[in-house]
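So the structure is just underneath, and the comments pick up after that.
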Amino acid sequence: MKRYTFSISKANYDLLHKHLFPGDGDEHGAVILAGICETANEVRFLAREVILAREGQDFVPGRQGYRALTANFVAHLSNRAANEKLCYFTVHNHGGSDSVSFSQTDLDSHARGYPALLDITNGGPIGALVFAKNAVAGQIWTRDGIKQLDQMKVIGKNLKRLFPKPPKIAGINAAIYNRQSLFFGSVGQARLARSKVVIIGAGGVGSIVSEHIARLGVGHIVAIDYDKIEDSNVSRVMGSRLWECFSWLQASRLPLLKKLGIWLATYKVDIAKRVAKQANSNVKFEAIRGSICSKEVVEKCLDADFIFLCADSMQSRLVFNALVHQYLIPGIQIGSKVPIDTRSGSVENVFAVARPVLPEASGGCLLCNELISFAKLQDEALTEKQRRQQAYVADPLVKAPSVVTLNALGSAQAVNYFLFNHLGLFNETLAKPGYRMNLVRENSWTTVACKQNPDCLHCGSGNRSIYGRGDRASLPCPN
Amino acid sequence: MSPEIKPEVASAIDEIRRAYPSSEVEVTPDPDGGAYVKVSNLHIGSQFNPATSWCLFRITFQYPFADVYPHYFVDGLQKVSGEPQPQGIHVGNPCDVNGVNHPATMVSRRSNRLNPATDTAALKLQKVLDWIRTQ
């Protein structure tokens, strides 16, 4: 049976919460327009926009209930939902703290109005949410019947989960996790076991991330890479062995043996799976030999809890950034650089960085922070012949320097960020915004503030932005 | 069956049609969801021979996040005065459309500060035309 969940950014949640609980103990209302993500096991609603109902204008004394949204307010927003292919959710609050449910009056009003709303919004789904201070209940109306909301996830620096009532979570007390459970508890361990994490790129950075999160006890790992191991990777890819590169065969002058060597070489994702299984035999590990830029692959990532970007192409950055903002999935981009002056050969500023990207304004959007080169993006769409015709100077055989210890710096920072984010361990007031860049040659760190462009087509709130649209917008992948 | 053009690319093409109502706009989809677009009957300046040309360019599937360049004009474009070609204009540089070479003159004008929210393929075409008309 499918689970029904709701994801909302912390910024939108705080806006809503402040409106619903201003301290007057009274009832207040709002509407959320949401995108949707449907996968085999889950239907996830994605809060794209929160519209607060103004007291006395949009939210007035009801004829049958205590309060109601006005017909004009409902009509305007349900039409918008229909036109923009979004799901319409009414929101109000009750008293109480850790548990909440709909009153009979609420349920009766749904029965009166929602069949028509379902039609107006072209089959929705539509629904209602009722909040207590630390709880939320939801009723979802679909063409296939009425469903109940399982949980709401508030995506911020710390992931916060809300339920209709406090859930009973069986902790995990396995001996292998004993030392880390002393930090975040058996319930935290259980939360890791239930999480699904995507790793884009299983090379020097991704292989470290994969082993670390497997050892942490993450239950479901999806690793994506189309590449096979080569001898120049072995110094950086965790668990790789020189013999499985078959470089001696690939070095053969006989084309057939060369082809055989290429065919026999192990895929990087298969190495990552082997290492992960050694660390945690219970892990569900999907080793995907493919590219995040392909639609079939990206569909496996839509219900992830977290995404690590460990690949360097601009296209993978664009898809990652779209996934974070379109599907409200937190993520982190990892990199290190050893820039070398091509004229003098001298090494310039070496750095390692892990850039968190949260689906909200100033959340680290790669577009807003100019970390996606539009020129390189266009280059990546060209064939080799087209690149030559356009007389590009860049030699594809030139590789940038890459060192395992620098990769480890960024990877460890990123995995710690995931751990703290997923289990709510960050100090909300002290944890600094932005991302930390390790300036290795200077033996120091710096915090880089995140920029935001309000017109951004990924994280912005304009009509053209893909923010929170989920399946109702297309991803930037080729056909 | 021809590959499907992505909605963002289709919108860009519609905007080009609206911006150049007296030109024929031919569209050839590429395999990824982008398209090659050829806009005919564009005045590029009497300093050139010919003074009117078509313009062919590719809008890749990543649009609006990828730049639209280079732009291709009729092959053998020459200055009437006999002066050498200005920098950025490459005669005899064919355009590869889905693996087939089309003789052309390439004009390469990369956008250095592309803003996907506002910079459209139609706007880029106009900027390239404005530039070539001043050469």
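Taken together, the values in this text are just the output of simple stated rules run on the coordinates, not laboratory data. Since we're looking at a predicted model, the values are computed, not measured. With ideal geometry, Cβ positions are generated from the backbone for all residues, glycine too; neighbour counts draw on all protein chains shown.
Using the Kirkwood formula on the Cα atoms of segment A:18-76, what hydrodynamic radius do you get, in angstrom to one decimal? Provide the component values of the computation, followed by the final result.
Details: mean 1/r = 0.0757 Å⁻¹.
Hydrodynamic radius (Kirkwood, Cα only) of segment A:18-76 equals 13.2 Å.
Please state the shape class of segment A:322-479: rounded when a/c is under 1.5, otherwise prolate if a/b exceeds b/c and oblate if not, all from the C-alpha gyration tensor. In terms of gyration-tensor shape, oblate. Once the convex hull of all Cα atoms in segment A:268-327 is built, its volume per residue stands at 92 Å³.
Entry for segment A:248-302 at q = 0.15, 0.24, 0.26, 0.30 Å⁻¹: log10 I(q)/I(0) = -0.64, -0.89, -0.94, -1.04, Debye formula applied to identical alpha-carbon scatterers, no solvent contribution.
Net length available on complete extension from A:ASN173 to A:PHE426 is 88.8 nm, with 0.36 nm assigned per residue and the Cα-Cα distance removed.
The Rg/Rh ratio of segment A:407-479, with both radii computed over alpha carbons and Rh defined as the Kirkwood radius, is 1.08.
Listed by Cβ neighbour count within 10 Å, with the fewest neighbours leading, B:PHE65, A:PHE418 appear as B:PHE65, A:PHE418.
Could you give the length gained on full extension between A:GLN386 and A:SER294, defined as 0.36 nm per residue of separation minus the Cα-Cα distance, in nm?
Values: separation 92, 0.36 × 92 = 33.12 nm, distance 2.12 nm.
Net length gain for the segment: 31.0 nm.
If each residue's Cβ is checked for other Cβ atoms within 10 Å, how do B:THR60, A:THR90, A:THR5, A:THR447 rank with the fewest at the top?
Details: B:THR60 24, A:THR90 27, A:THR5 19, A:THR447 10.
Exposure proxy ranking, most exposed first: A:THR447, A:THR5, B:THR60, A:THR90.
Placing dummy labels 7 Å off each Cα toward the beta-carbon, the span from A:ALA412 to B:VAL27 is 5.3 nm. Estimated from helices alone, the mean residue ellipticity of chain A at 222 nm is -9500 deg cm²/dmol (sum of -39500 (n - 2.57) over DSSP H runs with n ≥ 4, per residue).
Kindly identify segment A:67-176 as rounded, prolate or oblate by the Cα gyration tensor criterion: order the square roots of the eigenvalues as a ≥ b ≥ c, call it rounded if a/c is under 1.5, otherwise compare a/b with b/c, prolate if a/b is larger, else oblate. Note, shape of segment A:67-176 comes out prolate.
With both labels modelled 7 Å from their Cα along Cα-to-Cβ, the A:GLU42 to A:ARG3 distance reads 0.6 nm. One equal scatterer on each Cα of chain A, no solvent, Debye formula: the resulting log10 I(q)/I(0) at q = 0.07, 0.09 Å⁻¹ is -0.41, -0.66.
A:ASP24 to A:GLU230: extension gain in nm, 0.36 nm per residue of separation minus the Cα-Cα distance? Walk me through the numbers before you get to the answer.
Numbers: separation 206, 0.36 × 206 = 74.16 nm, distance 6.52 nm.
Extra length from A:ASP24 to A:GLU230 when fully extended: 67.6 nm.
Find the centroid of the Cα atoms in segment A:286-328 and in segment B:1-60, then give the distance between the two in whole Å. Between the Cα centre of segment A:286-328 and that of segment B:1-60, the gap is 31 Å.
Computed on the Cα atoms alone, the convex hull of segment A:105-240 gives a volume of 179 cubic angstrom per residue. Shape class of chain B from the Cα gyration tensor (axes a ≥ b ≥ c, square roots of the eigenvalues): prolate, since a/c reaches 1.5 or more and a/b is larger than b/c. From least to most packed, judged by other beta carbons within 10 angstrom and beginning with the fewest, B:TYR72, A:TYR13 follow the order A:TYR13, B:TYR72.
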